[in-house]
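**Student:** Right, I'll just put the structure down here and ask away after.
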Amino acid sequence: MSTRAVACLVTLAVLSSSSSCVPSTADADPRGAIALQLRPSPAALGEPIMTSDGWTVHVDAFVLQAFANASGETPDGADSFGKPAQTDVLFPASRPTELVTYAIPAGPASIQIGFSIHGLKPSLHGVQAIRQNNQGVAPELAERFNQPPDIAFDYEFPDGTHLSDEPDAVSNIGGPAFLLIAHAEKAGRTIKLDVSMQDAFPSDPIYGTVVANALTNVYATIAVENLFRDEDDKSAPLLFEDFAAADTNHDGVLSPKELQVAREPCPGCSDVLAQRMTLVQAISRRISNIFVPAPSP
Amino acid sequence: MFVFSSPAEAQSEPAQSEPAQSERAADQGGPDEVKIRGTRAKPNASPTEHKIGREEMKVIPGAFGDPYRAIDMLPGVVPTVSGLPYYYVRGAPPSAVGYFIDEIRVPFLFHFALGPGVIQPALVDEVTLHPAAYPGRYGRYAGAIVAGKTREPPTTLSGEGQLRIYDAGLYVESPFANGRATAGVGGRFSYTAALLSLVTPDTTLAYRDYNARVSYDLSDRWRLSALAIGSYDYAAETRRDPPPEHEEVFFASEFHRLDLRLDRQGENGATTRIATTFGLDRSRLEGSRFAQDFLFGARARHGAPLHRDVDIEVGLDTTIDHISGDLPSLYAVGQQELENTKAFFEPRTDTATGAWVSGSWHPSRGFELTATARADVFTSKGEVGVGPSPRVSMRVPLPTRGGPKIVFLGALGIAPQPPAFAIPIPAVGYSGLPGGIGFGYQKSAGAEIELPWKFTARAVGFHHSYFNLRDFSRTSSDIDLERPVPVPSSPTQAYGAELFVHRKLTEKVGAFLSYTLSRSEIGATETTPKRISPFDRTHVLQIGGAVYLGAGFRTSARFLTYRGWPDQGSDPNALVANDRLRPFFRVDARIEKRWQWQTGYIALVLEALNASASKEVVKRICDPDCRDETIGPIVAPSLGVEGVL
């Protein structure tokens, strides 16, 4: 075989190999991230809240254990949830806080804030101990989240039994989702409220637009004053009288039991008590309204 | 005229591990000058290995003439799924079985799924399965080694080709420069893409490969050579929804190797090799990232007789893998996914360096004791792991007083391995040695007996245990791409007995029986007790034969059966298997008609893997009525023309 023939063969081999090439990664499902920037309202910073019924309410501390849950639409039209950076951020409402969610399909997205509870003991039912991610909460307040809540999540079955009667119920193995410490004054009367609770409704959706491979900031205000506003009417006046009325023993302190018993006023409802929420249930629902979309600064 | 290469070689019989080779060196019309080259047993052989020669590979039914696919006829070898060339060997998962060609590590040897081998059969002289205590020059695999060896460069123009329904392959090699040099080139090209486009125009399936070799004899003792091999596979589907139209890649992979060597044959039988390897691997998987590995390797070994009865070999080898990949935007994936992706694709440089000394003592005919001391050092992303690997193996003829020859076989070895992905995929590996070095502890003993009519029988009992290996069975039947850190310790073990009765298939009538009785178990961890491996097959039986019918016709067939998969019910981590799924069996068949042509031949070959079209039951689903979930039938028919020059 001639040297030229050998050269031809080698060239042929090189050419045949060079035509092979594995394609690089294609981005058929572009995704990005949203950072929900939470900013305190003046009331969350401790400024007084003047209610329509004449009370002056001070929120002394409002601490949440929460995460952001964002979703968008994939190119083939399916809803797809993003992946929260942290699922258990413990933070005070008085402090600017960032909740990041990754891997949301590019385009319009909605964000909800959910609440998480700290597992207090191992359970066969899947509630595992959550490592606390404390972002600026005083140690004595943070420790409250490692203890059973003052008011646990509960549900009354039709037969009159309660979910909390079950030994492995979440209420028996988890800590609180939020802590509210406040006091209110009116005409020399002071009412104090210091309660940690487990049941909290997720926030109403907050909307943003996700840019592929980028982080988009979306802003919201933590308006703690909305805890004293009707949960179904965002333009309703701020009221505290129903809380004050719950202090049935007139000791100036709203106990968990008093909150669980007291029913909120419901002008349109029937007189059947079961159709009216307790104050505990009302707070659980009103908490979904404290996150108010805000323009970027 | 007979010319012996060296006195050392002349005194030895054709070694069991390296058969003698004769070549007709003179012109056809002139006086015959026949060179016989023989080599004595050297430490590169392991006394308990299985070796399959070039001619026998071709007639093994269902192997399609592919040298490396032929090993599945051997005992101890269990396919993950029938027909797929990913094997468990004595319980070692596919990631723990190393494949080499001329000591060059290659990531895989077969094209996608049922595809043919990536090395041209014409280039391969023999393939050896080392199930335990493999030779010192191999390392970094906790399970078995499958080692191929290329043919000596030819002294005349030679070639071999196949033209089949779905692909064509050719390898041609010729001497030049007055016989001092040779050059060969070949490759395989599939036209599956064109064929598939007639049936399913949106599906693309393509593969091709190339092999090339040049050698130059600098002198009677020194040879410079280069071997290049490469392979490419691509499987994708065109999708129009959602727009825009795009190709969704299921699997794309390629690898390239260029090996440059300098060999020396000493007068006393000594051999020396200094070599460097350059390589490029690329892969892309469905839904995953693009990965790339530029690799460089260097190795040197020197073997020499230390004494009339003792050979010794020392060596050193190192590989450097520069791995990179397309990392996703940190905003486009979750943090855990990002960390997991980094574990595979983060740019890094991995190294592995090993040194060994191996001695072979052969005081009498047929007696061979090989001892090896080897150690490897692995580095990745600042992590360092050390893997000592002592091994000993032996063949000891037993006194039988005129009866049949019986040889005792024994092997003991420790084999370390860095973390490896469950299936060997080019450029996909773990960063930072997560979980540490894995180890295989290999123990086997048995006997080989010569039977009448050129039959041999080998029976071996084995117990292999593995620690820290990544395996399908550890995470049930699901392949968890995103779990880079293995379960701590991850012990698994396999034990059993192998029987191999064999008469060469190249004889006028050849036959084999291969049977493995074994059990594979996944060991206990802190949270789970011991349980059976999903890939435990308990019984694997093959019976095959080949017959020369005359007039150029040769036919061969093989019957394979193995016990069904463990039925683990709805819980993949079930501690006790409910039962066994249905056993699997298949029949492979091959028939060829040869026409002699000059010094070679042309053959028409009809062959089928799983001619019985059997389905393999892989799962039983009960909701609440039970039904079996099957794979297949995986049938691979082949009609082709084979030519040898």
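Only the coordinates and a few stated rules stand behind these numbers; no lab work does. These numbers come from a predicted model, not from an experiment. Using ideal geometry, Cβ is built from the backbone for each residue, glycine included, and neighbour counts are taken over all protein chains shown.
**Student:** Sort B:Glu126, B:Glu521, A:Glu185 so the one with the fewest other Cβ atoms within 10 Å of its own Cβ comes first.
**Tutor:** Lowest count first: A:Glu185, B:Glu521, B:Glu126.
**Student:** Through the Karplus equation 6.51 cos²θ - 1.76 cosθ + 1.60, θ set to phi - 60°, convert the phi angles of region B:341-349 into ³J(HN,Hα) values in whole Hz; use x for Gly and Pro.
**Tutor:** Rounded to whole hertz, the list is 5, 4, 4, 9, 10, 4, x, 6, 10.
**Student:** Can you tell me the FRET efficiency between B:Glu450 and A:Cys21 if r is taken as the Cβ-Cβ distance and R0 is 41 Å, rounded to the nearest 0.05?
**Tutor:** 0.20
**Student:** How shielded is B:324-331 by partner chains, expressed as the average number of their Cβ atoms within 10 Å of its Cβ atoms?
**Tutor:** Other-chain Cβ atoms within 10 Å of each residue's Cβ, averaged: 6.
**Student:** Amide H neighbours of A:Ala70 under 5 Å, counting only residues 5+ apart in sequence or on other chains, H built in-plane at 1.01 Å?
**Tutor:** Sorted by chain and number, the residues that satisfy this are A:Gly82, A:Gln112.
**Student:** State whether chain B is rounded, prolate or oblate according to the following rule on the C-alpha gyration tensor (a ≥ b ≥ c being the square roots of its eigenvalues): a/c under 1.5 gives rounded; otherwise a/b larger than b/c gives prolate, and the remaining case gives oblate.
**Tutor:** rounded
**Student:** Using the beta-carbon distance between B:Asp309 and B:Ala457 and R0 = 41 Å, what value does 1/(1 + (r/R0)^6) give for FRET efficiency, to the nearest 0.05?
**Tutor:** 0.90
**Student:** Would you mind ranking B:Val617, B:Val428 so that the residue whose beta carbon has the fewest other beta carbons within 10 Å leads the list? All intermediate terms of the calculation are to be shown ahead of the outcome.
**Tutor:** Numbers: B:Val617 19, B:Val428 25.
With the sparsest Cβ surroundings first, the list reads B:Val617, B:Val428.
**Student:** Under the Karplus relation 6.51 cos²θ - 1.76 cosθ + 1.60, θ = phi - 60°, what is the ordered set of whole-Hz ³J(HN,Hα) values for region B:441-451, x standing for Gly and Pro?
**Tutor:** The phi angles translate into 10, 10, 9, 8, 8, x, 8, 10, 9, 8, 10 Hz.
**Student:** Can I ask one more? Can you flag which of A:Lys83/B:Lys381; B:Lys454/B:Lys504; B:Lys51/B:Lys615 are past 20 Å Cα-Cα?
**Tutor:** Long pairs (Cα-Cα over 20 Å): A:Lys83/B:Lys381; B:Lys51/B:Lys615.
**Student:** At 222 nm, what value in deg cm²/dmol follows for chain B if DSSP H runs of at least 4 each add -39500 (n - 2.57) and the sum is divided by all its residues, to the nearest 500?
**Tutor:** -1000 deg cm²/dmol
**Student:** Let me ask something additional. Given R₀ = 60 Å, what would the calculated FRET efficiency be for B:Thr155 paired with A:His58, taking r from the Cβ atoms and rounding to 0.05?
**Tutor:** 0.05
**Student:** Subtracting the Cα-Cα distance from 0.36 nm times the residue separation, let me have the gained length for B:Ile165 to B:Lys593 in nm, one decimal.
**Tutor:** Stretched out fully, the B:Ile165 to B:Lys593 stretch lengthens by 152.4 nm.
**Student:** Sort region B:125-172 into rounded, prolate or oblate with this rule: let a ≥ b ≥ c be the square roots of the eigenvalues of the Cα gyration tensor; rounded if a/c is under 1.5, and if a/c is not under 1.5, prolate when a/b is larger than b/c, oblate otherwise. Don't jump to the answer; show the numbers that get you there.
**Tutor:** On the way: a/c = 4.33, a/b = 1.85, b/c = 2.34.
Taking the square roots of the gyration eigenvalues as a ≥ b ≥ c, region B:125-172 is oblate.
**Student:** Can I ask one more? Please work out the C-alpha center-to-center distance from region A:85-113 to region B:390-463 and express it in whole Å.
**Tutor:** 56 Å
**Student:** Multiply the residue separation of B:Phe296 and B:Leu499 by 0.36 nm, subtract the distance between their alpha-carbon atoms, and state the gained length in nm to one decimal. Write down the numbers at each step before the final one.
**Tutor:** Values: separation 203, 0.36 × 203 = 73.08 nm, distance 4.02 nm.
Difference between extended and current length: 69.1 nm.
**Student:** Related question: What order do you get for B:Phe250, A:Phe153 when you list them from fewest to most C-beta neighbours inside 10 Å?
**Tutor:** Going from sparsest to densest Cβ surroundings: B:Phe250, A:Phe153.
**Student:** Which whole-number percent gives the relative contact order of region B:107-178, counting Cα pairs below 8 Å spaced six or more residues apart?
**Tutor:** 25 percent
**Student:** Just to check I understand the Karplus step: with θ = phi - 60° and J = 6.51 cos²θ - 1.76 cosθ + 1.60, what whole-Hz values come out for region B:319-335, glycine and proline as x?
**Tutor:** 10, 10, 10, 9, 9, 8, x, 7, 6, x, 4, 5, 8, 8, 9, x, 5
**Student:** Give the relative contact order (percent, whole number) for chain B; include only Cα pairs under 8 Å separated by 6+ residues.
**Tutor:** Reported relative contact order: 11 percent.
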